[in-house]
Structure formats: structure tokens, C-alpha cells
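The values are calculated or read from the model by the stated rules, or taken from the named source; none is laboratory data. Values in this document were obtained by computation on a predicted structure and should not be read as measured data. Cβ coordinates were reconstructed from backbone atoms using ideal geometry, including for glycine residues, and neighbour counts include every protein chain displayed.
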């Protein structure tokens, strides 16, 4: 478990309890929320919840502080770690995630422990149906580029190419999906189940 994960976990836990549950989960009808640390590490699942029909949904969360609000209009998934000496770890989150939904949010405050009082809401959030996202990738409606690409792009045929970039420490890379572009392209498919601040 990396240092950044350890540093960010208390922030993520706080945002989950005080912001995500009342402002995202409740309006979606998600209740009886439980945390599973083993699923978090191995399957990309932070929480399970019952939806309004009683179905169990698996959720991954990713939260950022307000530093990111004006810089990015996308959400990210870790992609590959080809420099890892263990070949079984080359394929990262994108290939292994078992969550049904990604809840991605940018808060209105700072992530630092002494600034918890500044976290009172979301400037932006998006709830992504990961099964629909992966289906569109499989259909060729969304393309993961082979080379690094800084921004998502939409071509004349209505095909979206996601962004792909290396992480700053060089250990891995990630793919990024522009939320407004997903809303525009796949409104009827509902890749974006709910959002605030992206449009």
C-alpha cells in the first residue's frame, strides 16, 4: 500500500461519510452501505450498497480536493504498470475492477487533516456505470489509445478517444474519460448516471 493511499484514505473516508452518502448515495436510493477492505484491495470495490430495488451494487469511490476543480473535466482509472517486476501486476485497475459504479467527486474544500471543516459539499461529481463504459470500449465506441494522449477527443464519426497519460512517478499510467463528452455521446446509454458541475 503506497504512502499516497495512506495519506488520502482519511480524506476519502471523511468525504464518503459526510458528503457522498447524503448528497450522492441518498438521492440515488443507495442504502445499507458496507465497506470491504479485501474487496477494496483486490477488486477495486470500496463499498457495497442496496439500491432502490434491493439489488446489491458494488461501488468504487475517488475523491479530490478543490485544487482539481478548474483543471480537469474527466475521471481516471489506473491502466498499466509495465515496469513492475511482477508480470501479473502489469494490468492495473482498468482490467481488474469489479465495481458496478465509480463515484468520482471534487470537493469544495481541502483534503488536509486540519482543513476538514472546509469540506461541506461537492463542486463536481459524477456517477459512472462501469459496465456501460466497458461495453462501449468493447464496441469500439470509445478507444483507448496506444500512445499517450493528453485530452479525450471526439472524431467526426462520433467515436471518442480517451486520454492516456503516465503518472508523475513513472510507475504506471492511467486513462482519463471526459465527463461532458460521455454525457453528450451516450445520454441514452447512461454511462453517466448522475452528475453535478461538469455540464
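Listing for the model above:
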quantity	calculated
Scan of the stretch 138-158 for residues that are closer than 17 Å to residue 183 by Cβ and touching a helix residue (DSSP H, G or I) at 6+ places or on another chain (Cβ under 9 Å), ordered by number	141, 142, 152, 153, 154, 158
Any hit, the stretch 158-180, residues being within 26 Å of residue 26 (Cα to Cα), touching a strand residue (DSSP E or B) at 6+ places or on another chain (Cβ under 7 Å) and not in a strand (DSSP E or B)	yes
Filtered residue count, the stretch 122-155, keeping only those that are farther than 19 Å from residue 189 by Cβ, out of contact with any strand residue (DSSP E or B) (no Cβ under 7 Å at 6 or more places or on another chain) and modelled with pLDDT of 95 or more	0
Residue 15 being in contact with a helix residue (DSSP H, G or I) (Cβ under 6 Å, 6 or more places away or on another chain), modelled with pLDDT of 65 or more, crowded, with 18+ Cβ neighbours inside 10 Å and closer than 25 Å to residue 111 by Cα	no
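Condition check ((1) modelled with pLDDT of 85 or more; (2) crowded, with 22+ Cβ neighbours inside 10 Å; (3) closer than 22 Å to residue 16 by Cα; (4) in contact with a helix residue (DSSP H, G or I) (Cβ under 9 Å, 6 or more places away or on another chain)) across all residues:
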{"site": "62", "(1), (2), (3), (4)": "yes, no, yes, yes"}
{"site": "75", "(1), (2), (3), (4)": "yes, yes, yes, yes"}
{"site": "86", "(1), (2), (3), (4)": "no, no, no, no"}
{"site": "95", "(1), (2), (3), (4)": "no, no, no, no"}
{"site": "100", "(1), (2), (3), (4)": "yes, no, yes, yes"}
{"site": "109", "(1), (2), (3), (4)": "yes, no, yes, yes"}
